[in-house]
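Okay, so here's the structure we're looking at.
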Amino acid sequence: MFNWRLYRVAFLPLALALAVVAFSLAARPLPLTSTLAPDAFEGSRTLADAKSLAAEFPDRRPGSPGDEALAARIARDFEGLGGTAGGGFSAHPRHFRAQTIDGERTLTTVIAQRPGSTNATPIVILAHRDAAAPGSEAEMSGTAALLELARVFAARETRRTIVLVSTSGGSGGGAGAADFATHAHGPFDAAIVLGDLAGARERKPVVVPFSDGLGSAPIQLQRTVTDAIAREVGSDAGSPSLIGQLAHLAFPVAVGEEGPLNAHGLPAVLVQVSGELGPTAREPVSAERLEGFGRAVLSAVDALDTAPDVSQAPQTGVLLQRQTLPAWAVRLLVGALLLGPLLLVADGLARLRRRREPVGRWTLWTLACALPFLLCALFVHLLGWLGVVAAPATPALPSAMPFDGSAARAVAAVLLVLVLAWLCWPVLVRRVGLGVRPSPEAAGLSMLLVLLAVCVAVWAANPFAALLLLPALHLVPLLASPEQRPRPLGALALVALALLPVVLLVSFYAHQLGLGPGEVAWTAVLLLAGGHVGVLGALLWSVALGCLVAGVMLALTPGAPLPGLGADDGTEITIRGPSSYAGPGSLGGTESALRR
């Protein structure tokens, strides 16, 4: 059914794209450095403050009385450093309503500001004070470091205005950081988010640059902070792996407060000893580690203070060793890989239209395969809108929203809706005049057409997300073509291979965030219920999964008998001879011709 020569010819532009990509590699920018000694940060005093605050305010669930009392205490400490006239901070609270791990709550953000000597854009230092579990001394170390930095900057002149922010909601969802990024008076040069700075166990990377949108923190900001950690702590801060970068670029999920800041255009990195996963409730703490990381943050702020503005453009490329592959090069490469399936679809449509095959009908059948998934996604969105599933805007770690009995019931209800939708699906497709079993030829081309349309739409918005669909787009033609389709087991293996990138994506996040099988399903429900995956995203995912189910059905459908291959179709054979025999006269003159 397909002209495979067209498919092979489509790879010629790929060679040109690879050459352009090779020349697009650029060197990473150098880190910013400071000549000031960060010895003013005292680790022992800061750790004592962290333990004292954790003991005084053990219950700090977001929006709880303990959380609000701690916010008032932090505001008093900021104001106790003296007003701006005496070199101190002016503090003011902001109250707002937002979704947290406990549902919608009234939260308080304490914002303290100390003017700089110039009009240069300010630097933000942010830490959340809430915690999902009582105590959580390691999580409190970020707030204690924020207070220690306030003491340091109250006695030190800076070029830039220093803005200190104590938020709530950081235990899951980053509501305080998102509200600050939305309503704060900007612009800002950069933000450093303080997480666990005192935990005894280290998990790399300790500088987390990810975003809830496309891209991550600028490379120069990342390198400035990692270089300061290397100098003050004496250890490599690590960097995101290639798989980690691609996963966060293809499907952005950031559980730290740097995520909403970067998504709102404020360049931010999270500094956290325990990496993206965060500390446990009873994580041991170390004064030596807290002093090292606290001085590294102070050194990074000093470097940012004396340097030109950090680029506001998010980093949307991929770091390869010491070079950067820009996002436009990835878009070009993926676009070149789309040409082959595009030519196959165009050629196949022309062939089937000449044979008057109902391609439109089977396209509608392929789209119908997405309906159960779309109904399930809309059901989860409804649960979140009604408040049945209290989900923050971004996913929370298992320690904050565990997979308990209520979570299991919610997942079971969603799975039940999905099963019921598939049980009703055959009745629906018959009602609209479609068959349940796919056509061996037209259904395959229609499935490839729909998948290509989804991939092109995704490629236009996010070329990294299109990488998840590319293997399927190049494997589906083998299923769509009856003469190339392998036997059912081989065809099912092709479907499984097409699903491999999505499996790797889920496996990466499961390992990175410590998720089990049940917690993976619960996280998917939270992503939909909280709106992190919107209706348009749910629609595209549903259509892609519908193509997957259509591929499974097609793999189990016997291919159409091909003429001339000995197919037993019940037609009587009236011409004897080899299969290539074309009738009387094909090998010479006929008797009537000889007489003439």
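The values are calculated or read from the model by the stated rules, or taken from the named source; none is laboratory data. Bear in mind the structure is a predicted one, so any value in this text is a computation, not a measurement. Methodologically, a virtual Cβ is constructed for each residue, glycine included, from the backbone with ideal geometry; neighbour enumeration extends over all protein chains shown. When the accessible area is computed, the model is the full protein with side chains, heavy atoms only, and any ligands, DNA or RNA have been set aside. Shrake-Rupley method; radii C 1.70, N 1.55, O 1.52, S 1.80 Å.
The table below lists the values:
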{"read-out": "Of the trypsin sites (Lys or Arg not before Pro) in the stretch 286-332, those whose Cβ has at most 12 other Cβ within 10 Å and which sit in DSSP loop", "value": "R322"}
{"read-out": "Convex hull of the chain built on C-alpha atoms - directionally averaged projected area, nm²", "value": "33.5 nm²"}
{"read-out": "5 Å-binned pair-distance histogram of the stretch 397-456 (Cα, whole percent)", "value": "4, 14, 11, 13, 16, 12, 10, 10, 7, 3, 0"}
{"read-out": "Cα long-axis angle, helix 470-480 against the chain (0 to 90 degrees, to the nearest 10)", "value": "20 degrees"}
{"read-out": "Whether the stretch 177-330 is rounded, prolate or oblate, judged on the alpha carbon gyration tensor where a/c under 1.5 counts as rounded", "value": "rounded"}
{"read-out": "Whole-Å distance, taken between Cα centres, linking the stretch 389-436 and the stretch 198-213", "value": "32 Å"}
{"read-out": "Loop chymotrypsin sites (Phe, Trp or Tyr not before Pro), the stretch 1-87 (other Cβ atoms within 10 Å of the site Cβ: 14 or fewer; DSSP)", "value": "F11"}
{"read-out": "C-alpha center-to-center spacing [the stretch 115-148, the stretch 472-522] in angstrom", "value": "42 Å"}
{"read-out": "Prolate/oblate/rounded call for the stretch 115-263, Cα gyration tensor, a/c under 1.5 rounded", "value": "rounded"}
{"read-out": "Distance from the stretch 528-545 to the stretch 272-326 (C-alpha centre basis), Å", "value": "32 Å"}
{"read-out": "Gain in span if fully extended, D59 to Q484, counting 0.36 nm per residue against the direct Cα distance", "value": "146.6 nm"}
{"read-out": "Whole-number accessible area per residue in Å² for the stretch 389-531, which is evaluated in the context of all protein chains at 1.4 Å", "value": "42 Å²"}
